[in-house]
Structure formats: structure tokens, C-alpha cells
Amino acid sequence: MHKTACLIGLFSTLMLACSDELRSNESAKTTEEALLIHCGSLINGLDEQVRTSQIVTIKSGRITGIEPASNTTGTATLDLQEYTCLPGMIDTHVHLDMYPEDAEDYRIYLKRTPEDTRAIALDNARITLEAGFTSVRHIGSYLAWVDRDTKASIESGQAIGPRIQVAGFYLTIPHGGGDLTIPGVDDNDIPDYYRMGVARGPEAYREKTQELIDGGAEVIKVIASGAVFGFGGKVTEPEMSEEEIRAVVEIAHAAGLRVTAHAHGARSIKQAIRAGVDSIEHASLADPEAIAMAVQEQVAFSMDVYNGDYTAEVGAINNWPQEFMEKNEQTTEAQRLVFEKAVIAGVPILYGTDAGVAPHGGNGRQFRIMVERGMNAMQAIQSATSLAAVHMGWQDDIGALEAGRYGDLVAVKGNPLKDITLLESIDVVVKGGKIILPKCAALLPQECLAAPGR
């Protein structure tokens, strides 16, 4: 077992024990009683204003009111006067079924059963929620429908995790960036449940898209270019054709679903935009024309500008495949330069980390890169809250601290507008009125917040 895997396993075991205690803690249960949270400062995710001394009231899982503490007669259930409250954060690009070290040898997928993978996804879902990400867009997986199964376990109360927007499985060409291709392994030896989205030709993609819709997909993911972590493909080159992507878009849009395209190279980005997709994942090598097209059509870029550093460091230590390392080097700095240009041009940029390529729970590490590369802190926060919610189509429910939306809130001690890295380690998470204290789940809320070192 890899050293990183051992550490992840140990961490997961410890955190699972904390979550077991959390389930039995009355403070973590959503009840009909109102939860009153006294926030010292409040960023609502919608505007630039920072409000002070606010009471957020949550009942039956949703926010029923936000008002100055001076106007409230009730006693706060949760005293966060020394904290800044923000909306529960959103990561628009995660793969809960993956660990970063899977990249070392893809034959690990042949050793895992579907049950193993579902257990991994559930564990990573819990870790993601405890990191402050109360909603995620699970943007495809090799194992079909692992996200749907994970979502069902969370919504039934059998597991703890974020709200999940389901993609089901990738749509990809044979041996493309979303196909599980393993050097030295015949395609016939790879289980069909890993290759459900493999197709070729517009009609075949129409059928696959309808299969996703019928199965409960809430967003469709197409693989428009080669992938960094895919054998044989080139990140600069298109894979699915413009006609194939358009066929997917027509069926998805008719059903009211959005389509996002994995696209690194400029040609594949432009083909995807012309075909009518709603967002682009990565956008690493976008040229000025692609950026201008995204602005014109208001196609969002979900840009994972942190994880290249993790891959460069950990991949080198653990001897990840040379092809992956070379493509990571090819895209990391280039993507950050594109990010800078896209911010200036006015491309809508969503907070998406590609978690699974880098460790789950470290989702907040990307904020620093986004601020270093041209966003102000409020823009970065809104990319992970209200803007992400709009582009998921979930803006009525998540993405802001506002009456009517779910009672999803995170808090940090300090001012993230002055130090964005505070969002790398969240002190308090509230999902639907349920209080989660990642650092001391066994204690009652105020006991935890009053503990030494907090």
C-alpha cells in the first residue's frame, strides 16, 4: 500500500469515528425547532457587502430569515460572533470515486469491486462536506452511476455528504479521455460497467444521452479533448466531433439538462461552444478566440488551477506514468495564464477543483491560486457560491445566505477577504440546519468552539 494511501486510510478511519459520534449528537439533527446562528460577520454570496452581527434563522432545513442581531429577541443556538459566516461552498468538478494515487497504476480499477468504489465515494463525500463544500457537481466517473448511488445514500440519511448533482458516466470516444484504457490490458478484460458511455457517431450519442436522462442524470459530461490522466490522448486535440457534441446537447437541452465539456485544447473548446455546451471543464489551452466565444455565449469555465502543483510533487515522488506527468506540465502554467486572461475578459469562472486528482478535503486550496492569478477574494468566493449555483441551475436552493434557500452555511475565524487561505480549513459547517464540527465532532457546538486552540 502506498504511503499516501495509508495516510488517507488512517485519516478516514479517524474521521469516520468522529462522524459516528456526530450522528448520535442531538446538536447535529435537523428538527422542527428553529436554529438561530449569530454571525459576527456575514458574506451572503450575492453582493459585495459584509454585514456585521447578523442572526441567521433556519427552520425545517431552510433559511427563514437574516436580520441584525439588534432586531432579534431570541437567544442564538450557535454563537459565531467571532466568526465570518458564508454560504455553504460548491465544487463544480469532483470525482468522489477516485483517489489521487489511483493514477500510479490503473489496474487498481480491476481489483476493486463496484461495492469497493461505492464505499470510497461515500467516504470522500463525508470528507468533502466536512471541508465546507455542502454541494458538488459530480462530473462523471468510470463506474457508472456511483454518484447516483452516493446521492441516494446521503438523501436517505444512511450517509453524510454534500448535495450532489449527478452526471452518471462520461460520454467519450473509444480509448478517449473518459474511457478506462489500461496499457497491456485488453478491452475485453475491462468490465462493461466502466465503459457505459463509450460511443461513436451522433446517433449513438443521442441514445447514450437519453440513457443518462432516463437513469436520473442531472448534468451531462462529454469528453471533447484528450485528458491529462488518460493514456494515448493528446490534450491539444479534439476527440468527440462537433456534430457528436451537438447531438448530445440537443437531447440534453430538450430535457432541461445542461451539458459540460471536458476540453483542454483551443480547437476542442471552440467546437464545444459552437455545439452549444453550457460550460467547459479545464479550458487549459484556450486561445483568445475561444475566450471571446465564451464571453459572447456566456459559457462558463470550470478551471482546476490548483491540482497541477499536487500532481507535479506527489506524482514525481510516486513515479506516476511519464505520459501523465508530461501532460500535467504542459497544462498547469498554461491554464493559469488562460485563467488570468479569462478573468479580465469576463468569462464566468466556476469553482471546480477536479477533486480526486488532488485529495478530497483539500478542495479549499484552490482559492489561493485564484486570488494570486487575478480574482479578488470576493470574486473567488462568489465563484464557489452564487455563480456556481446559477450555472448548476440550483440557484433557488443553494449558493447564497438568503431566505428560502437551504440552510447551508460555513464559518471561519477571521476575515477570508483579507486571508483567503482561511477557507482551506473550515471551523463550522451547517447543511440544511444540521451542525457539523469537523475538528471536534464529539462535543456540543459551543463546547467545541470554546475549546483551547479554537
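Per-residue packing, averaged as other Cβ atoms within 10 Å, sorts the ranges 300-306, 151-157 into the order 300-306, 151-157, beginning with the highest. For segment 303-402, pairs of C-alpha atoms spaced more than 21 angstrom apart make up 39 percent of the total.
Peptides 312-322, 279-289 ranked from most to least packed, by the mean per-residue count of other Cβ atoms within 10 Å: 279-289, 312-322.
The phi torsions of segment 298-303, fed into the Karplus equation with coefficients 6.51, -1.76 and 1.60 and a -60° offset, translate into couplings of 6, 7, 7, 9, 9, 10 Hz, rounded to whole numbers, with Gly and Pro shown as x. Using a simple spin-label model with points 7 Å from Cα along the Cα→Cβ vector, what separation in nm is obtained for E447 and T421? Simple spin-label model gives 3.3 nm for this pair. Treating each Cα of segment 166-277 as an identical point scatterer and summing with the Debye formula, the log10 of I(q)/I(0) at q = 0.09, 0.15, 0.20 Å⁻¹ comes to -0.20, -0.57, -0.99. For the Cα trace of segment 113-243, dividing Rg by the Kirkwood Rh returns an Rg/Rh value of 0.99. Where both bridge residues fall in the chain, DSSP classifies roughly 45% of the beta bridges as antiparallel.
FRET efficiency for the pair R51 and K413, taken as 1/(1 + (r/R0)^6) with r the Cβ-Cβ distance and R0 = 22 Å, rounds to 0.80. Mean sequence separation of contacting Cα pairs (under 8 Å, at least six apart), scaled by the length of the chain, corresponds to a relative contact order of 20 percent.
For the chain, the longest principal axis of the alpha carbon atoms and the long axis of helix 307-317 meet at an angle near 70°. Here the gap between A34 and N319, fully extended at 0.36 nm per residue and compared with their Cα-Cα distance, gives a gain of 97.3 nm. Using just its DSSP H runs of length 4 or more, each adding -39500 (n - 2.57), the chain gives a mean residue ellipticity at 222 nm of -11000 deg cm²/dmol after division by all residues.
For the residue pairs K111/K221; K413/K434; K151/K221, the alpha carbons lie more than 24 Å apart in K111/K221. Simple spin-label estimate for L337 and R107 gives 3.9 nm between the two label positions (7 Å along the Cα-to-Cβ direction from each Cα). Computed from the Cα positions only, the extents of segment 89-392 along the three principal axes stand at 47, 42, 41 Å, in decreasing order.
Subtracting the Cα-Cα distance of N376 and A292 from 0.36 nm times their residue separation leaves 28.1 nm of extension gain. The label point for T73 and the one for D309, both projected 7 Å from the Cα toward the Cβ, are 5.1 nm apart. Summarised as an ellipsoid, segment 208-331 has semi-axes of 27, 17, 12 Å, derived from the eigenvalues of the Cα gyration tensor scaled by 5 and square-rooted, with the largest first.
The numbers here are math on the coordinates, done by the rules we state, and not lab data. Only a predicted model underlies this, so the values are computations on that prediction, with no experimental measurement involved. Note that each Cβ is placed from the backbone with ideal geometry, even for glycine, and that neighbours are counted across all protein chains shown.
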